[in-house]
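Before any comments, here is the structure.
Every number in this text was worked out from the coordinates using simple rules, so none of it is lab data. A quick note: this is a predicted structure, and the numbers were derived from the prediction, not measured. Cβ: placed from backbone, ideal geometry, glycine included. Neighbour counts: every protein chain shown.
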Amino acid sequence: MPATIYAVKAAQDDGPLILALFQELQQGRARFGWSFEDRFDPRRLKATIASSGWDSLTTTEQECFTKTSFLLDVTRNDYFVYINMPSYGRCTAVKVVDREGVAESGSVFQYTAEWGDPPQRDFRSMLPCEFLFDFDRNVDVHPYLSRRFKLQGSHWTIGDKEKFEELLQDLQTGAPVKTADARLREQIKKPLLLISDQIRQTYPEKKLESFVLRVLTQMPRVQNAKKGPDVDGADLVFEFDGGIETLDLARREVCAVQVKCYEDVIGEIRAVEDVRRAFDSKAYTCALIVTTALSASVQFLSDLDKLREQSGKPVGLILAKDLAVLFLRYGM
């Protein structure tokens, strides 16, 4: 994880200077303004403050030190995001490196002579860097980061390192841009899995059946939910209206439910075979397999598809995350 993530404002000028600064970033030099005379080197100003006090600085020197002194605390492996670089709405990310053999905890700051062609007097404060990416802050990033990548002064820090790491990984791998809905689904997946694991631990083995039964009884359209005869492959049974009564298309569906308590992957086909046995009894028009497993094996899914095809009846599969959603919606 990065030590610190800095966001900094690029130059006000959106013309040749911005392009020159962008080229400097590409060549491994991260430059900063308020550095247009030798005496504005923040190291020199810091030494003056230590020896003679803050009031010994001129107003301009005080302003320059206020804007650039944070650079002295930057260490390698920190990150910088230049806002509106190389153009408005885009950002450029670089990683601070150490090309001078400075100790890991030491400053990597440098103050250079005039640079560029034509020579530039300002932006002489410099950190050696590795160019990473430039990106659209309104398209490529998490909405939280997009907001943080709007101008908030000359510099500020980004606190959510996890989202920034995700951004770097997505840019590096060329991952497709995630919508806000997709990001939300990703974020809530972890707490849902935690809830499902608590369900598994609180209602182990056969006790899970009573838990699922209570959830089923709270669901709309579910009627007559009860313990199954078990001998015919149904742990639970419920009925629901599968037709449209006002159009004279009323139809009563009877669903056999298999409940399996698993920790990781449901792989054995016993649940599938139990449903097959329930269908053989001719008492059920559909079935549902409910499990605390996180996922199902390829073989399990293949056998389940075969059962659907051979029986001509729908068979639903509720895994851990889906069970947690049903609990939150109906079981509370």
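For ALA30, nonlocal amide neighbours, meaning residues 5 or more places apart or on other chains whose placed amide H falls under 5 Å from its own, are LEU127, CYS129.
Going from the residue with the fewest nearby Cβ atoms within 10 Å to the one with the most, HIS142, HIS155 rank HIS155, HIS142. For the chain, the antiparallel share of DSSP beta bridges with both residues in that region comes to about 65%.
Taking VAL108, VAL74, VAL215 as the candidate residues, the one with maximal mean-square fluctuation in a Gaussian network model of the chain, Cα springs under 10 Å, is VAL215. Ranked by how many other Cβ atoms sit within 10 Å of their own Cβ, fewest first, the residues ASP181, ASP136 fall in the order ASP181, ASP136.
Along the axis of the charge dipole computed for the stretch 5-178 (Cβ charges of +1 for Lys and Arg, -1 for Asp and Glu, origin at the Cα centre), the listed residues HIS155, ILE18, ALA50 are led at the positive end by HIS155. Mean residue ellipticity, 222 nm, helices only, the chain: the sum of -39500 (n - 2.57) across DSSP H runs of n ≥ 4, divided by residue count and rounded to 500, is -11000 deg cm²/dmol. Rounded to the nearest 20, the size of the Cβ-charge dipole of the chain about its Cα centre is 740 debye, with Lys and Arg at +1 and Asp and Glu at -1. For LYS313, the lysines whose Cα comes closer than 27 Å to its Cα, not counting residues fewer than 8 places off in the same chain, are LYS206, LYS226, LYS227, LYS260, LYS282, LYS321. The C-alpha radius of gyration of the stretch 201-331, expressed as a fraction of 2.2 N^0.38 Å, stands at 1.03. Rounded to the nearest 10 degrees, the angle from helix 270-280 to the longest Cα principal axis of the chain is 40 degrees. Helix 42-52 and the long axis of the chain differ in direction by around 70°, with both axes built from C-alpha atoms. Available extension along the chain between SER87 and SER281 is 62.9 nm, counting 0.36 nm per residue and deducting the alpha carbon span. The angle between the Cα long axis of helix 180-202 and the main principal axis of the chain comes to about 50°, on a 0 to 90 degree scale. The fewest-to-most ranking of VAL272, VAL222, VAL315 by surrounding Cβ atoms within 10 Å reads VAL222, VAL315, VAL272.
A straight Cα-to-Cα reach below 19 Å connects LYS150 with the lysines LYS9, LYS67, LYS161, LYS163, residues fewer than 8 places away in its own chain not being considered.
A Förster radius of 25 Å combined with the Cβ-Cβ distance from ASP264 to GLU186 puts the calculated FRET efficiency at roughly 0.80. Note on SER107 and TRP156: their simple-model spin labels are 2.5 nm apart, each label 7 Å out from Cα toward Cβ.
When the stretch 146-241 is described by a simple charge dipole with +1 on each Lys and Arg Cβ and -1 on each Asp and Glu Cβ, the residue from PRO220, LEU208, LEU193 located farthest towards its positive end is LEU193. Placing unit charges on the Cβ atoms of the charged side chains and taking the dipole of the chain about its Cα centre, the candidate lying farthest along the positive direction among GLY116, PRO176, ALA256 is ALA256. Expressed to the nearest 5 percent, the antiparallel share of DSSP beta bridges inside the stretch 201-331 is 50 percent. About its Cα centre, the stretch 5-178 has a charge dipole of approximately 260 debye under the convention of +1 per Lys or Arg Cβ and -1 per Asp or Glu Cβ, with nothing else charged. Fully extending the segment from SER69 to ASP38 would add 9.7 nm, taking 0.36 nm per residue of separation and subtracting the current Cα-Cα distance.
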